[in-house]
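Report on one structure; see the data block that follows.
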């Protein structure tokens, strides 16, 4: 299960954090009524008595056609399947204090082309994996208002490969740990309406490792460190429950990609280099609904519209993306204290045309960019 994750949210942020959340387009910030609240909105765990756990996985299969180079060659992304896992624990200490712990993936990308495709001098493989561990403490301030906060520890790793010359293969492998923080609120207006807010701080990552070359003049194996800043984000959700069978939620997520200004490469024995990003801040809007068809079967659906942060002139082959839409559906089975959740998602990226820049070998066109996702989670309430 511990494999790198594919980029299919704004930039390389990920929002596929539970099967129930996936089926509802991620719109569970204000609902926050199962163990996945430990990641979607930790302040919402005060709605849950006792102890609950959840774990699962989302399988992601991306595809896209990239046409580039003087000969207008078309390369199709390798048909890889990525499987980011998730696991959550919620525990009530007393009438006013709850604890939670979450392990999940919030950032990642996976892009792989053929070894000898037209853009191989820029990249033929790029994988960024990250795993977050986020413990939180939540307080019930009043019967309606709850507040939570805690650290976020991110382990990240990268596997970057390209061919600087026709006879040279370069492989860069790095990893490291960074630290950030999060804070959240949950407010219940009445039996029908509730709202939630979550803040994630920006986070500096410094990953160290080695770069290795098969051959090439002036190129030798050496240590390298990659430095970057992961963006802050702000999420707001409003939920409506007209009766005991129906639940609806609408969310807005603002990601501050201006924090991600550059990727800096510090080499041991050659000149350092900087890949400038200058990405823009973007919005993600998500809608979700749930219907209790019976007392043991929940039916769910969702829709997401997600902006792409990459400005014109700063595109590269690591992230062949654009604005996107996600359609989702799923169901949950309730068996006493056990829950079994399933989800399917279909992502459509808009086509994109890019002029040649420092990252591209020529004018480039991206078409048929899709991702197919299936999720499963299992939960238990003690």
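The values are calculated or read from the model by the stated rules, or taken from the named source; none is laboratory data. Treat the numbers as computed from the prediction; the structure is a model and nothing was measured. Cβ coordinates were reconstructed from backbone atoms using ideal geometry, including for glycine residues, and neighbour counts include every protein chain displayed.
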In the set 129, 181, 134, the lone residue that is at pLDDT below 90 and within 21 Å of the chain's Cα centre (by Cα) is 129
Conditions (1) surrounded by fewer than 24 Cβ atoms within 10 Å (Cβ to Cβ); (2) within 13 Å of the chain's Cα centre (by Cα); (3) at pLDDT 95 or above -> residue 51 fails only (2)
Residues of the range 66-86 being surrounded by 19 or more Cβ atoms within 10 Å (Cβ to Cβ) and either over 18 Å from residue 366 (Cα atoms) or at pLDDT 85 or above (or both), in sequence order, are 66, 82, 84, 86
Per the filter on the range 303-336, residues farther than 21 Å from residue 61 by Cβ, free of Cβ contacts under 8 Å to residues at least 60 places away in the same chain and either assigned to a loop (DSSP other than H, G, I, E, B) or touching a strand residue (DSSP E or B) at 6+ places or on another chain (Cβ under 8 Å) (or both) are 305, 311, 312, 313, 314, 315, 333, 334, 336
Of those in the range 108-149 that are surrounded by 23 or more Cβ atoms within 10 Å (Cβ to Cβ) and in contact with a helix residue (DSSP H, G or I) (Cβ under 8 Å, 6 or more places away or on another chain), the residue nearest to residue 186 (Cα to Cα) is 146
Of the residues in the range 191-209, those that are at pLDDT 95 or above and more than 26 Å from the chain's Cα centre (by Cα) come to 192, 193
Of 284, 300, the only residue that is at pLDDT 90 or above, over 30 Å from residue 380 (Cα atoms) and assigned to a strand (DSSP E or B) is 284
Restricting the range 265-280 to residues that are part of a strand (DSSP E or B) and surrounded by fewer than 16 Cβ atoms within 10 Å (Cβ to Cβ), the one farthest from the chain's Cα centre (by Cα) turns out to be 267
